[in-house]
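Since the structure comes first, as structure tokens, the remarks are kept for the end.
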Amino acid sequence: MRLHPEETEAGPWRPVDDAAIETLLGTLLPDGRGVLLVDGRSGSGKTTFAERAATLLGGAVVHTDDPAWHHDAIAWDDVALEHVIGPWRRGELVDHRPPGWAAQGRDGSVTVLEGVRVLVLEGVGAGRASLALHADVVVWVQADRDEARERGLRRDVELGRTRAEAERFWDEWMTAEEPFLAGDRPWQRADLVVSGDAGGWVVAPGGPRS
């Protein structure tokens, strides 16, 4: 697996099915309730894993791209804490319309219904230090950097960009993502490391929290 220089490959890896993932996460969550952060580099497969975990645990997914939209690519953690994690922890309905949405005329809001037992926050930087303090489980999704880039480019082309536009967007985004992750290193505080590169879920033990 080709990774960035600051990141070491996790292991030993072992394949798991849905039942095993549900059991693994369930043992880490207090009484089956809590905040699960799913972090990983762009194109790593973190959104796919987060949505699968939410389905298995009866949770709800909030994508960090939403509070970050037209706000800040990296510095959105204060918004997530105040308007998503905080209200959910208090048992309140999460219904937040980010300022960027209002400014750009985007309809809707970031919502999590009352009664949801597991809040899954996923996105680049979700497992950062400032958020991990308020979470019960941190998952890092590790992927080969070349495969992740190709997946990300294919996704952007499917969304309507040309290949050249997708490559420019990717390269611009990396100028924010790469230095942030190199400094914060969320994989070091992960309870579980997941890889989708093998064609199915494989997992490895995480860092000190595990």
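The values are calculated or read from the model by the stated rules, or taken from the named source; none is laboratory data. If you're wondering where the values come from, they're calculated on a predicted model, not measured in any experiment. Cβ: placed from backbone, ideal geometry, glycine included. Neighbour counts: every protein chain shown. Side chains included, ligands, DNA and RNA excluded: accessible areas come from the protein's heavy atoms. Shrake-Rupley method; radii C 1.70, N 1.55, O 1.52, S 1.80 Å.
Evaluate region 100-123: report whether one residue or more is touching a residue at least 60 places away in the same chain (Cβ under 8 Å), surrounded by fewer than 18 Cβ atoms within 10 Å (Cβ to Cβ) and not in a loop (DSSP other than H, G, I, E, B). So that I can check it myself, show each step before the final result.
Taking region 100-123 first, the residues touching a residue at least 60 places away in the same chain (Cβ under 8 Å) are 117-123.
Narrowing the set further to residues that are surrounded by fewer than 18 Cβ atoms within 10 Å (Cβ to Cβ) leaves 117.
Those still in the list that are not in a loop (DSSP other than H, G, I, E, B) too: none.
The answer is no, given that none of the residues of region 100-123 is touching a residue at least 60 places away in the same chain (Cβ under 8 Å), surrounded by fewer than 18 Cβ atoms within 10 Å (Cβ to Cβ) and not in a loop (DSSP other than H, G, I, E, B).
So is Thr175 in a strand (DSSP E or B) and surrounded by fewer than 18 Cβ atoms within 10 Å (Cβ to Cβ) or not?
Values: in a strand (DSSP E or B): no; surrounded by fewer than 18 Cβ atoms within 10 Å (Cβ to Cβ): yes.
Here the answer is no, as Thr175 does not meet what is asked.
Within region 124-134, if we keep just the residues that are of a type in the set (A, V, I, L, M, F, W, C) and part of a loop (DSSP other than H, G, I, E, B), the residue that is most open to solvent (accessible area, probe 1.4 Å) turns out to be Leu133.
Looking at the structure I just gave you, is Asp156 more than 19 Å from Ala126 (Cα to Cα), open to solvent by less than 30 Å² (accessible area, probe 1.4 Å) and touching a residue at least 40 places away in the same chain (Cβ under 8 Å)?
Numbers: more than 19 Å from Ala126 (Cα to Cα): yes; open to solvent by less than 30 Å² (accessible area, probe 1.4 Å): yes; touching a residue at least 40 places away in the same chain (Cβ under 8 Å): no.
For Asp156, the condition - more than 19 Å from Ala126 (Cα to Cα), open to solvent by less than 30 Å² (accessible area, probe 1.4 Å) and touching a residue at least 40 places away in the same chain (Cβ under 8 Å) - is not met.
Here is a yes/no grid of residues against (1) out of contact with any strand residue (DSSP E or B) (no Cβ under 7 Å at 6 or more places or on another chain); (2) part of a helix (DSSP H, G or I); (3) at pLDDT 95 or above:
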| position | (1), (2), (3) |
| --- | --- |
| His4 | yes, no, no |
| Ala10 | no, no, no |
| Ile21 | yes, yes, no |
| Asp31 | yes, yes, no |
| Val35 | no, no, yes |
| Ala80 | no, yes, yes |
| Gly91 | yes, no, no |
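For the condition open to solvent by less than 20 Å² (accessible area, probe 1.4 Å) and assigned to a helix (DSSP H, G or I), Leu181 qualifies. Close contacts from region 10-38, counting a first residue that is free of Cβ contacts under 8 Å to residues at least 24 places away in the same chain and over 20 Å from Ala143 (Cα atoms) and a second that is assigned to a loop (DSSP other than H, G, I, E, B) and open to solvent by 80 Å² or more (accessible area, probe 1.4 Å), with Cβ to Cβ under 9 Å and a gap of 6+ residues or different chains, come to Asp31/Arg117.
What residue, of Arg106, Arg145, Arg128, Arg97, is closer than 29 Å to Pro30 by Cα and among the basic types (Lys, Arg)? Can you show your working first?
Working: Arg106 fails: closer than 29 Å to Pro30 by Cα; Arg145 fails: closer than 29 Å to Pro30 by Cα; Arg97 fails: closer than 29 Å to Pro30 by Cα.
Only one candidate qualifies: Arg128.
Given Gly127, Gly199, Gly123, which one is modelled with pLDDT of 95 or more, closer than 24 Å to Ala20 by Cβ and not aliphatic (A, V, I, L, M)? Steps first, please.
Details: Gly199 fails: modelled with pLDDT of 95 or more; Gly123 fails: closer than 24 Å to Ala20 by Cβ.
Only one candidate passes the filter, namely Gly127.
Give the residues of region 64-75 that are surrounded by 21 or more Cβ atoms within 10 Å (Cβ to Cβ) and within 29 Å of Arg2 (Cβ to Cβ), sorted by residue number. Outline the logic, then answer.
Taking region 64-75 and keeping what is surrounded by 21 or more Cβ atoms within 10 Å (Cβ to Cβ), we get 64, 66-68.
The answer is Thr64, Ala68.
Would you mind stating whether Ala148 is open to solvent by less than 20 Å² (accessible area, probe 1.4 Å), part of a loop (DSSP other than H, G, I, E, B) and either within 20 Å of Asp65 (Cα to Cα) or not basic (Lys, Arg) (or both)? Steps first, answer last, please.
Working: open to solvent by less than 20 Å² (accessible area, probe 1.4 Å): yes; part of a loop (DSSP other than H, G, I, E, B): no; either within 20 Å of Asp65 (Cα to Cα) or not basic (Lys, Arg) (or both): yes.
The answer is no for Ala148.
Based on this model, can you work out whether Leu81 counts as open to solvent by 30 Å² or more (accessible area, probe 1.4 Å) and in contact with a His (Cβ under 8 Å, 6 or more places away or on another chain)? It is true that Leu81 is open to solvent by 30 Å² or more (accessible area, probe 1.4 Å) and in contact with a His (Cβ under 8 Å, 6 or more places away or on another chain). Set side by side, the residues Ala80, Ala75, Ala132 differ, and just one is in contact (Cβ under 8 Å) with a residue 60 or more places away in the chain and within 16 Å of the chain's Cα centre (by Cα), which is Ala132. When restricted to residues that are open to solvent by less than 10 Å² (accessible area, probe 1.4 Å), over 28 Å from Met174 (Cα atoms) and among the β-branched types (Val, Ile, Thr), region 31-63 contains 0.
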